[in-house]
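Q: Following this message is one structure expressed as C-alpha cells.
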Amino acid sequence: MLETAVVVKVTEGLHARPATQFAKLAKEFSCSLLVLHGSTSADAKSAVKLMLLGIREHDQIVLRADGADESDAVARMAQFLSSPEAGVQPASAAHAADAAACGGDTDAPDASSRTGAGNGADGDRSGAPADETPPLIGIPASEGVAFGDAFVYLPEPLRAARQFIGPHETATEAMRFDRALDDALAALDSQFDRMGDHDGIAEALVSVARSDEFAGEIRTRIAAGRDATAATLEVGAALAASFESIDDEYLRSRADDIHGITRQVALRLNGQQDASLAGIAKPCVVLASDLTAPDLARANVANIAALVCTRGSATSHLAIIARSHGIPAVFGLAVPDSRLRGVAQVAVDGTLGHVWFEPTRALQERFAARIDEARAHRAALDVYRDVGPVTRAGRPVRIAANLGSPDEIEAAKAVGAMGVGLFRTELLFMNRRSLPGEHEQYSVYRRVAEAFAPHPVVIRTLDIGGDKPVPGIAFAREDNPFLGWRGVRMCLDRPDVFKPQLRALLRAASAGNVQAMLPMIADVDEVRRVKALMAECARELAGEGIPFGAPKLGIMIETPAAALTADMLAPEVDFFSIGTNDLTQYVMAADRANPKLAPLYRCDHPAVLRAIAMVCDAARQAGIEVAVCGEAAAQPRMIPLLVGLGVDELSMSPACVLRAKKIVSEL
C-alpha cells in the first residue's frame, strides 16, 4: 500500500467536471484508489463519491493506493491534482455540441455562422483560463457562447406630460388610450408573426394587455380624471410589481412582459418612437438594462449573437425566445447602465452566466474553437429522437419533458420526450377572474395524457401561495410567503379548491397514464391526508357513475425536511421527484434569483448531492422510482452524477431532451 499527501491545485476544486475526469483516470489502474479528505474518504474511481467529499482548491487530501500499479497510479493522480487546468482543458467537443443544442431548436438560425459571433457550450465551470480576466457573473438564461460588437440598448424612461384631465376630456382620453392599445398590440402581433413559432407568447401578452387588471384599471383611472399616459405608467408599474413579488420564477418573470406592453402603449400615447433592435444591421451582442419579449420581437434575430441584461430571469418570455432561437443569454448582471454605455465588445457564456467586456484576443479564439466544435456535432443529436436511452451497463433512464401548458405538447413530442415528468398546473389558475372548474381541469389533463400515451404524465397539484394570489383564494399577509401557507399546505386547508383538482386527476387517469404529484411536502401526515381525500373523491365519482382511474401518487422532494425523512415518506408513495431548484435554494439558504449568490446556488454542492443521495437510497430501499425534474436534470455535468446516484428519470425543458438522451446513452 502507498499513501501520499497532495495539495489540490485544480481550479475551484473537484467540482463536477474535474471529478469526472479524475475518476476516469483512476479507472485506468488496476489497484484500489482511495481519496481521504479530513475524516471522510471516497473511492477515487467514483465521480459521485468524489463530489460528495467537497474538495476545494488548496485543500490537502491523501491518496491511498493498494495494488501492483500503485506507484504509477499515485504519481499520475497527484500530477492531475497539482494542475490548475486539470478537468478544464481541453474541452470535450461532444459536450460542447450537446450543450449548444439545448440552447434552442435545432432548426433555429445558426448563430455560429454569423460574422464575428457564435454560440456553443462545453459545460466548463471555470469560465476562463487562469491568466484571463475574471468574468462578470449573472444568471444563465440561455446556453451557448458568443462574442462580438456591443449594441447598447438603453431606452430613456417615459414620463407623462401631465397627471390630471378635466371631466370634459375623459371620453376623448379613453378613446386615445384604446387606440394606442390597439396599435401596440397590432404591431406586436405582426412582429411575432415575422419571428415564427411564438404564437403562445404573443397570445399571453395580448391577454395581459386586455385584462381588467391592466386595460380595465387604466380606463377606470382615466374615468376618475387621470391622464391616459399617467394612468398607463402607474397601472403598469403596479401590476409588474405584483408579479415581481411572486416566488415562482416563471410567474415572477411575467413582470417583464408587463413592462414591455406598458412602454409600447405609453410611447404611442406620447407620440414617441422608441430605440429599436430592428436597427441592428450586423451580428452583435445586445446589452440592455431591461429587455422584453416585444423588444426582441422587433429585431432581426439572425443579427443577435447574444443577450446581456441587468434585469430578468431564466424563465422570462425573453429567455424562452432566446433559447428557441439558440441565442446565448445572461440576465441579472449587476452592473450600472453607465458602464454598459461604454462597452465596445462583449464575450458571453450563457451556460455559466459569465460575461466579459472588451474580451482579449485569446478569449475570443478560445470561444471560436468551442463554436466550431459545437457546429460540427449539433446535427448528430437528431438520431436520438426515437431512442430510449440505456447506459452501457444496461440501465434504462427515462427522459421526459417539463411542461407548463398544453401549448408545449408538440415541442416535447418533436424531440421524443418519453412522457411528462412535471406538468405545472399553476397557469390554469393564474391570470383569470375565477378558479378553473373540475371539467376544465379534466379536459386539460386528459389532453396531455392522451398526447403522450402510453408514457406517464406527472401532474403536479396546485403549487401556489400568498406570493402569487389567485381569484377565489384569500391569502393573509405573510412575512415570508415562500415558507408559508402554500402548496399542499394551502390545498389541504381548502378542500373546495383541492377536491375539484383531485377529481379531475382521477378522471383523467381513466384516459391515460396520469400520475399525481404533491408539492412542498414536509411531513408524512400531509401525504396521508391527501390520500384520504383522494379516496373520498373516488367514492364520490363512483357514486355518480363517472369513470375514473387510480393514478400513482408521488411527492416533490424539495424541502430539506422531505429529504431528511425520505425513508419515512417512501412507503407512503409510488415515486419521488426531486425538485433541485428549490431543494438547492433551501439547502444552501441562497435565493436562486439573486446573482450575488450564484456561487452558493450550486446543485453540485456536496450538501445538495448528499441530500439527493439520501433520497435515492430511501427510494431504492422502498422499491420506488426517483426522478429529477429541476434544472439540474438537463445539465451535462449533473446527468452522470444523478444517474450514478440512482435516478431513474430526468425531466427537463423539451429543448434539452435530445442532449440528455445522448449523454445517458454514452454513460
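The values are calculated or read from the model by the stated rules, or taken from the named source; none is laboratory data. Computed from a predicted model, the values in this text were never measured in an experiment. Every residue, glycine as well, gets a Cβ built from its backbone with ideal geometry; the counts of neighbours run over all protein chains shown. Surface areas here come from the heavy atoms of the whole protein model, side chains and all, with no ligands, DNA or RNA. Shrake-Rupley method; radii C 1.70, N 1.55, O 1.52, S 1.80 Å.
Q: Within the range 620-667, restricting attention to residues that are within 16 Å of the chain's Cα centre (by Cα) and charged (D, E, K, R), which residue is farthest from Ala23 (Cα to Cα)?
A: Glu631
Q: Name every residue in the range 609-661 that is in a strand (DSSP E or B) and either touching a Gly at 6+ places or on another chain (Cβ under 7 Å) or not acidic (Asp, Glu) (or both), in order of residue number. Outline the logic, then answer.
A: Just the residues of the range 609-661 that are in a strand (DSSP E or B), to begin with: 625-628, 649-652.
Within the range 609-661, Val626, Ala627, Val628, Glu649, Leu650, Ser651, Met652 qualify.
Q: Here's something else I'd like to know. Got at least one residue in the range 488-497 being open to solvent by 20 Å² or more (accessible area, probe 1.4 Å), out of contact with any Gly (no Cβ under 7 Å at 6 or more places or on another chain) and among the aliphatic types (A, V, I, L, M)? First the steps, then the outcome.
A: Kept after step one, since they are open to solvent by 20 Å² or more (accessible area, probe 1.4 Å), are these residues of the range 488-497: 489, 492-496.
Those left that are additionally out of contact with any Gly (no Cβ under 7 Å at 6 or more places or on another chain): 489, 492-496.
Retained after the next criterion (residues that are among the aliphatic types (A, V, I, L, M)): 492.
Yes: the range 488-497 contains one or more residues that are open to solvent by 20 Å² or more (accessible area, probe 1.4 Å), out of contact with any Gly (no Cβ under 7 Å at 6 or more places or on another chain) and among the aliphatic types (A, V, I, L, M).
Q: Closer than 18 Å to Val647 by Cα, open to solvent by less than 20 Å² (accessible area, probe 1.4 Å) and touching a residue at least 12 places away in the same chain (Cβ under 8 Å) - does that describe any residue in the range 546-554?
A: Yes; the residues of the range 546-554 include at least one that is closer than 18 Å to Val647 by Cα, open to solvent by less than 20 Å² (accessible area, probe 1.4 Å) and touching a residue at least 12 places away in the same chain (Cβ under 8 Å).
Q: Right, here's the next one. From the list Leu136, Leu181, exactly one residue is among the aliphatic types (A, V, I, L, M), touching a strand residue (DSSP E or B) at 6+ places or on another chain (Cβ under 7 Å) and at pLDDT 90 or above. Which is it? Lay out the reasoning, then the answer.
A: Working: Leu181 fails: touching a strand residue (DSSP E or B) at 6+ places or on another chain (Cβ under 7 Å).
Result of the check over Leu136, Leu181: Leu136.
Q: Which of the residues belonging to the range 628-651 are out of contact with any strand residue (DSSP E or B) (no Cβ under 6 Å at 6 or more places or on another chain) and open to solvent by less than 30 Å² (accessible area, probe 1.4 Å)? Reasoning before the result, please.
A: Here is the first cut: in the range 628-651, the ones out of contact with any strand residue (DSSP E or B) (no Cβ under 6 Å at 6 or more places or on another chain) are 630-632, 635-641, 643-646.
Once the filter is applied, which keeps residues that are out of contact with any strand residue (DSSP E or B) (no Cβ under 6 Å at 6 or more places or on another chain) and open to solvent by less than 30 Å² (accessible area, probe 1.4 Å), the range 628-651 yields Gly630, Ala632, Pro636, Met638, Ile639, Leu641, Val643, Leu645, Gly646.
Q: Within the bounds of the range 555-563, is there any residue that is open to solvent by 10 Å² or more (accessible area, probe 1.4 Å), hydrophobic (A, V, I, L, M, F, W, C) and touching a Lys or Arg at 6+ places or on another chain (Cβ under 6 Å)?
A: Taking every residue of the range 555-563 in turn, none turns out to be open to solvent by 10 Å² or more (accessible area, probe 1.4 Å), hydrophobic (A, V, I, L, M, F, W, C) and touching a Lys or Arg at 6+ places or on another chain (Cβ under 6 Å).
Q: Here are the criteria: (1) more than 14 Å from Leu158 (Cβ to Cβ); (2) β-branched (Val, Ile, Thr); (3) at pLDDT below 90. Tell me which single one Ile304 does not satisfy.
A: (3)
Q: How about the range 585-604: which of its residues are touching a His at 6+ places or on another chain (Cβ under 9 Å) and part of a loop (DSSP other than H, G, I, E, B)?
A: Arg602, Asp604, listed by residue number.
Q: Looking only at the range 188-195, decide whether some residue is at pLDDT 70 or above and part of a helix (DSSP H, G or I). Full working, then the answer.
A: Start the filter on the range 188-195 by keeping residues that are at pLDDT 70 or above, which leaves 188.
Remaining after also requiring part of a helix (DSSP H, G or I): 188.
Yes, that holds for at least one residue.
Q: Hey, can you tell me all the residues within the range 567-584 that are open to solvent by 20 Å² or more (accessible area, probe 1.4 Å) and in a loop (DSSP other than H, G, I, E, B)?
A: Asp574
Q: Output the qualifying pairs, or none if there are none: Cβ atoms under 6 angstrom, residues six or more apart or on different chains, first residue in the range 323-342 and farther than 12 Å from Ser289 by Cα and touching a residue at least 60 places away in the same chain (Cβ under 8 Å), second residue assigned to a loop (DSSP other than H, G, I, E, B) and open to solvent by 60 Å² or more (accessible area, probe 1.4 Å).
A: What qualifies is Ser324/Asp105.
Q: I would also like to ask the following. Across the range 344-368, which residue is farthest from Cys309 (Cα to Cα) among those that are among the hydrophobic types (A, V, I, L, M, F, W, C), more than 27 Å from the chain's Cα centre (by Cα) and open to solvent by 20 Å² or more (accessible area, probe 1.4 Å)?
A: To start, the set of residues in the range 344-368 that are among the hydrophobic types (A, V, I, L, M, F, W, C) comprises 344, 346-348, 352, 355-357, 362-363, 367-368.
Applying the additional criterion that residues be more than 27 Å from the chain's Cα centre (by Cα) yields 344, 362-363.
From what is left, the residues that are open to solvent by 20 Å² or more (accessible area, probe 1.4 Å) are 344, 362.
Values: Ala344: 16, Ala362: 25 Å.
Looking at residues that are among the hydrophobic types (A, V, I, L, M, F, W, C), more than 27 Å from the chain's Cα centre (by Cα) and open to solvent by 20 Å² or more (accessible area, probe 1.4 Å), I get Ala362.
Q: While we're on this one: Look at the range 260-290 and say how many of its residues are in a helix (DSSP H, G or I) and either at pLDDT below 85 or on the phi > 0 side of the Ramachandran plot (or both).
A: Looking only at the range 260-290, we keep the residues that are in a helix (DSSP H, G or I), and these are 260-270, 277-279.
Now restrict to residues that are either at pLDDT below 85 or on the phi > 0 side of the Ramachandran plot (or both): 260, 277-279.
Number of matching residues: 4.
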